[in-house]
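Quick one: this structure, given as structure tokens, is what I'll be asking you about.
The values are calculated or read from the model by the stated rules, or taken from the named source; none is laboratory data. On a predicted model such as this, the values are computed, not experimentally measured, just so you know. Positions of Cβ are backbone-derived with ideal geometry, glycine not excepted, and every protein chain shown enters the neighbour counts.
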Amino acid sequence: MYILSQAGKNLISVDKVKRFFVEKNYGGNKEQKFAIFVELGTSNSMIGLYPTEEDAINALEEISIALEEGVEEVYRVPKKNNI
């Protein structure tokens with residue numbers, strides 16, 4: 001399975017992901033305060049931004065369900081209005 005980031009700029013093989021995690025966003029987009037990251041070896045890549053921690057956790061749960069169900073295609077990280 002591959003995961004396409006919310007912005008559509010990163011396509012990541014889940015075989016390469018060590019972990020998924022939610023963390024506060026300290027970047028420039030202050031409306032999107034929480035992010036989902038994937039840990040890839042020695043680096044992290046942001047795959048989604050959300051206004052609340054709850055929204056980010058809900059999106060992470062959707063990713064978890066897709067992984068459990070063995071989705072054999074590209075999973076698109078949800079935007080806020082899709083949660």
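Report every pair of residues separated by at least 6 positions or lying on different chains whose Cβ atoms are under 9 Å apart, first residue within region 70-83 and over 16 Å from Ile57 (Cβ atoms) and of a type outside the set (A, V, I, L, M), second in a loop (DSSP other than H, G, I, E, B) and modelled with pLDDT of 80 or more.
Note: pairs meeting the criteria are Gly70/Met1; Glu72/Met1; Glu73/Met1; Tyr75/Met1; Arg76/Ser5; Arg76/Gln6; Arg76/Gly8.
For Phe20, indicate whether it is touching a residue at least 40 places away in the same chain (Cβ under 8 Å) and among the aromatic types (Phe, Trp, Tyr).
So Phe20 passes the test.
Still on this structure, please answer the following. Condition (residue is of a type in the set (A, V, I, L, M, F, W, C), buried (at least 16 other Cβ atoms within 10 Å of the Cβ) and assigned to a loop (DSSP other than H, G, I, E, B)) applied to region 35-56: is it met by at least one residue?
No, region 35-56 contains no residue that is of a type in the set (A, V, I, L, M, F, W, C), buried (at least 16 other Cβ atoms within 10 Å of the Cβ) and assigned to a loop (DSSP other than H, G, I, E, B).
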